[in-house]
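Trainee: Got a structure here, written out as structure tokens. Questions coming.
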Amino acid sequence: MGAYYKQPHRGAFQMKRKIIRFVSFFLILVSTSAGLWAKSKPRKPRSNEVVLIAKIRVTPGIDFAFWSKYAHVKSPVLSWGGTKSAESDEAMLNPPVYAVVRKHISQDSSKKPVWVRRTEIWICTLNSFGGAYYDIPKDRTIVIDHFSVYLNGFDPLRFDLPVKRMIVVPEGVNYLYLGTFTYNLENEYFEIDMDNSGVKDEFDSAQSFISEFF
Amino acid sequence: MLKKFLPLTLLPLALVLSSCGTLLAPKSSPYMNNTKVQAAEAGDPSNTAIIYGTLSCPYGVIDKLVFIQMNPAQESFMLTAGMDGSTFYTQPLAVGISLKAIFFREKQSGGELNSFLGIQNRKPIDVRIEKPGLYFAGNLLFSARDKDNPDSGDYGFYPYAKGNEIDSLEKILKVYKGTAWEPIINSRIEELSK
């Protein structure tokens, strides 16, 4: 009896299935292409946002062939520590660099600035120009505390590069080039020789990066 | 009646005692990339070094310490130090290796605390092996660099703890008994006993 009633509807079910398959395929196609577009062409910053542009280099260069082997070393410590980037193969050769930024939120009675807890934003990959969106605070003042480099994109394989710079974002500015930072590493323990580290102005390159990617 | 409830009374007591035992005396062998290292694999004392010392922290007992090899001219590996009480030790490691303590686990009465130490800056526990033999890293306490001022930051293992190098050597001797390291450890104990 059940089979009798199901039989006439089977075609309708198959039709429905086809429609569902087609719609899902269409949705996947649209979302994937939208994702690819978003990856290749980042959105313009909103009026209350600034894109912080920077390039960070370390000398002597990091031996990526050596460090990438840790992606295959069996140790729970590295997996517990978590990763910064899902694209681990990419992260091995181009480690992500995060800017640790603070902004001023208010003043207490003693007129001392009060800074919000530091936020960490992905700004670029090592040795390449990159940019990070950041909401402009009311007083337009932000502090770049330091950059954090994550080798292989792994949290435990992190080293920091000091910056300590206060920046006031000028009115009407939505792209801010911080500079090209070069840090000289003293030894294999990523200790930094600050006397031979510095910031260089590569404004033209930064400008062509902005016009190309935004 | 007593017979009926005795096991129930003893069970929590046994659990408490066993956890205290774990807290007081962690004991484990060194592991290289998650594989246990046998004492029989002890390297040649003429071109390798054993790093050892003691670890302590204010609120618990450290039962796990992991090093990472930092020198790109050498092999990449993660090394879990052997532990016997507060003493930690490595297997014999080749000259040229640079170790950095990257992780430690602290057992407290309320549970475990995992801490990551990063790969930057060399602290007293981070040894660059420049010559073969025994290398005592010190009696190390996890604290701020200025131990009397916890707000000063830069936390790590510093040689602020009390301890006896001979005690550590005697524990290592048990592991390397019968290997080429035995006379070297014994002569170091004699030297310190004078």
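All of the numbers you see were taken from the coordinates with simple rules; none came from a lab. What you see is a predicted model, and the numbers here were worked out from it, not measured in a lab. Virtual Cβ from ideal backbone geometry, glycine too; neighbours counted across all protein chains shown.
Trainee: So how do B:Ser29, B:Ser56 line up by other beta-carbon neighbours within 10 Å, fewest first? Walk me through the numbers on the way to the answer.
Mentor: Values: B:Ser29 16, B:Ser56 19.
The most exposed by this proxy come first: B:Ser29, B:Ser56.
Trainee: Kindly flag which residue pairs out of A:Lys55/A:Lys138; B:Lys27/B:Lys174; A:Lys69/B:Lys100; B:Lys64/B:Lys147 have an alpha-carbon separation exceeding 19 Å in this structure.
Mentor: On the way: A:Lys55/A:Lys138 27 Å; B:Lys27/B:Lys174 12 Å; A:Lys69/B:Lys100 16 Å; B:Lys64/B:Lys147 22 Å.
Violating the 19 Å Cα-Cα cut-off are A:Lys55/A:Lys138; B:Lys64/B:Lys147.
Trainee: So, with +1 on the Cβ of K and R and -1 on the Cβ of D and E, and no other charges, what is the size of the charge dipole of region A:43-213 about its Cα centre, to the nearest 20 debye?
Mentor: Details: 20 positive and 22 negative charges, 150 e Å.
For region A:43-213, the charge dipole is close to 720 debye.
Trainee: Next question, about the same structure. If I build a Gaussian network model for chain B, linking alpha-carbon pairs within less than 10 angstrom, which residue out of B:Ala94, B:Ala137, B:Ala73 has the largest mean-square fluctuation?
Mentor: The residue with the greatest mean-square fluctuation here is B:Ala73.
Trainee: Looking at chain B, do any whole DSSP H helices span at least 30 angstrom along their long axis by alpha carbon and average -1.0 or above on Kyte-Doolittle, and which?
Mentor: Working: long enough: B:2-24 (32 Å, 1.52).
Qualifying helices: B:2-24.
Trainee: Something else: Could you tell me which residue out of B:Gly96, B:Gly111, B:Leu79 lies farthest along the dipole of region B:74-167 toward its positive end? Charges go on the beta carbon: Lys and Arg +1, Asp and Glu -1, centred on the Cα centre.
Mentor: B:Gly96
Trainee: How about B:Lys131: which aspartates and glutamates have a C-alpha closer than 20 Å to its C-alpha, ignoring those fewer than 8 places off in the same chain?
Mentor: Within the straight-line limit of under 20 Å, B:Lys131 reaches these aspartates and glutamates: A:Glu188, B:Glu41, B:Asp44, B:Glu75, B:Glu165, B:Glu182, B:Glu191.
Trainee: Let me ask another. Just want the ordering: A:Val73, A:Val199, A:Val163, from fewest to most Cβ atoms lying within 10 Å of their own Cβ.
Mentor: Final ranking by Cβ density, sparse to dense: A:Val199, A:Val73, A:Val163.
Trainee: Can you tell which of B:Gly110, B:Gly53, B:Gly156 shows the greatest fluctuation in a Gaussian network model of chain B with Cα springs below 10 Å?
Mentor: B:Gly110
Trainee: Next question. Take region B:44-135, compute every pairwise Cα distance, and split them into 5 Å bins from 0; I just need the percent in each bin.
Mentor: Percent of Cα pairs in each bin: 3, 14, 24, 24, 18, 9, 5, 2, 0.
Trainee: Take the Cα radius of gyration of region B:25-193 and divide it by 2.2 N^0.38 Å, with N its residue count; two decimals is plenty.
Mentor: Values: Rg = 15.4 Å, N = 169, 2.2 N^0.38 = 15.5 Å.
Computed over Cα atoms of region B:25-193, the ratio equals 1.00.
Trainee: Here is a follow-up. Which ordering of B:Arg145, A:Arg57 is given by a fewest-first count of other beta-carbon atoms within 10 Å?
Mentor: On the way: B:Arg145 13, A:Arg57 16.
Ordered from fewest to most neighbouring Cβ atoms within 10 Å, B:Arg145, A:Arg57 come out as B:Arg145, A:Arg57.
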